[in-house]
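Only one structure is covered here, and it is reproduced in the block below.
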Amino acid sequence: MSIVTVQLGQCGNQIGYEVFNAICSDFHSTHGLCSKKENESYQEACKERFFSEEKTGVPVARAVLVDMEPKVISQTLSMAARSGHWKYDHQSHFCQKQGSGNNWANGYSVHGPRYREVIMNLVQKEAEKCDRLSGFFTVMSMAGGTGSGMGAFVTQCLRDAFPTSFILNQVIWPYGTGEVIVQNYNSVLTLSHLYQSSDALLVHENDAIHKICAQLMNIKKISFRDVNQVIAHQLGSVFQPTYSSEGASQYSKSPLGDLMESLVPHPEFKMLGLRNIPQMSENSLAYSTFTWPGLIKHLRQMLIANAKMEEGIDWQVRPPLPGHPVPPKASPNKALHFNTSIANLVVLRGKDVQSVDLGGFRDPALYTSWLNPQEAFNIWKTPRAFNKYEKSASLVSNSQFLLKLMDNIVGKAWNMFASKAYVHQYTKFGIEEEDFLDCFTTLEQVISSYASL
């Protein structure tokens, strides 16, 4: 089954491009480290999932590109075409001459309704090219105006037009130091609206990815492109084909459906985080060897201690012991020591995946008491290696990982709102104070649900 990607705003289009690029370079990589037959069925599944065929033989990304300014889209289209390995359909993009000025209300209330028909026609055409549609993968930032405001509007339109398709929103959490003065407002409005119409939100934090670039990839001057390539690698490590059940003879047909079934057991809990190991520069990789027990041990502790990368993990954090009184629940603004999970999915790729012991992830102490750990944990695997790593493991987790950040962003937005700072910029585009209050209420409820796990 195929996934249609919808790239929204500058950030969404730049990351979307890197995702297709990472998938394509993995597709063409010679060191899949598996049999020829395995490699062929992997490539076949990958192609059906992300690309449509063209007579010239160059795969065409199943994607719709939307931005309110032309510059990034034209760069993205030409970079893909120049690669020679894949391209975008030149009919599948929409842009205008003037942006949304980092104003969520402008993207959501003005540009969204004005261009709804033309954008949804592009999406419809792309969906009709799929023999079977698994769903939509939207890529967007929360801080700006087009990606966030227009993105929230387009997600609602997707939900109305395709009520039975899965929608996964990949959302970029802004830098804490801030690129945009109103980013906390934009983030609160985006999250609360997506929570109404999306099946799940997969969140990447700019600050965490920046650290990975600096400490693991050893990049001295970090550009947005470096950050986007790490995000794209992590996304590819989950969405490239895998066997989603033990002993399966075919690659999973419905990647988005399988993901939701594994990780979203209740509509109140939709926040997904992604961690991937190992991650390192080409130079370091040449001198490194990895064992599955070592990778899995690190990945489990990253989950427990809520670490975003394998360097600097707090090894002191332990799950509560059975029979011992559980420490009082942390309020969201205190440092959360133990990260309680609702559900986890581990994706293994490469040599000897059949022999990996994942018993540590089935420990009931990791999970909330109202779910059976056997149902809360799933494994996808394939002997086909991903990109340059002969062994790699990814963890997609529905857990308390975002609690502190969410509480922080809602608190900052509320402080601004209480003093009416910048609210007039939103009301002039039709977003009233009541709309803000509804959004605060929605997110307070989400925070309280995760805090009480």
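Numerical summary
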read-out	value
Test: residue in the stretch 25-34 that is of a type in the set (D, E) and either touching a Lys or Arg at 6+ places or on another chain (Cβ under 8 Å) or at pLDDT 95 or above (or both)	no
The lone exception for N306 - which of (1) at positive phi; (2) not in a loop (DSSP other than H, G, I, E, B) it fails	(2)
Hey, I3 closer than 17 Å to R132 by Cα, surrounded by 15 or more Cβ atoms within 10 Å (Cβ to Cβ) and touching a residue at least 40 places away in the same chain (Cβ under 8 Å) or not	yes
Pair list, Cβ under 8 Å, 6 or more apart: the stretch 281-307 residue of a type outside the set (G, A, S), other residue part of a helix (DSSP H, G or I) and open to solvent by 40 Å² or more (accessible area, probe 1.4 Å)	W292/S355
Residues of the stretch 76-107 satisfying the condition of being surrounded by 14 or more Cβ atoms within 10 Å (Cβ to Cβ) and among the polar types (S, T, N, Q)	T76, S83, S92, Q96, S100, N102, N103, N106
Any hit, the stretch 116-134, residues being out of contact with any Asp or Glu (no Cβ under 6 Å at 6 or more places or on another chain), at pLDDT 95 or above and in a strand (DSSP E or B)	no
Residues of the stretch 334-364 satisfying the condition of being hydroxyl-bearing (S, T, Y) and buried (at least 21 other Cβ atoms within 10 Å of the Cβ)	T340, S341
Residue list for the stretch 63-101, filter: in contact with an Asp or Glu (Cβ under 8 Å, 6 or more places away or on another chain) and β-branched (V, I, T)	V64, I73
Residue satisfying condition, being without any contact (Cβ under 8 Å) to a residue 12 or more places away in the chain and either under 21 Å from L299 (Cβ atoms) or surrounded by fewer than 19 Cβ atoms within 10 Å (Cβ to Cβ) (or both), within set S452, S419, S392	S419
Residues that are surrounded by fewer than 21 Cβ atoms within 10 Å (Cβ to Cβ) and among the hydroxyl-bearing types (S, T, Y), drawn from the stretch 369-387	S369
All helices (runs of 4 or more DSSP H) inside the stretch 145-230 with 2 or more residues being closer than 30 Å to L285 by Cβ and open to solvent by 10 Å² or more (accessible area, probe 1.4 Å)	206-211
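The values are calculated or read from the model by the stated rules, or taken from the named source; none is laboratory data. This one's a predicted model, so the numbers in the text were calculated from it and none came from an experiment. Heads up, the Cβs are rebuilt from the backbone with ideal geometry, glycines too, and the neighbour counts pull from every protein chain shown. Just the protein is used for accessible areas: all its heavy atoms, side chains included, with ligands, DNA and RNA removed. Shrake-Rupley method; radii C 1.70, N 1.55, O 1.52, S 1.80 Å.
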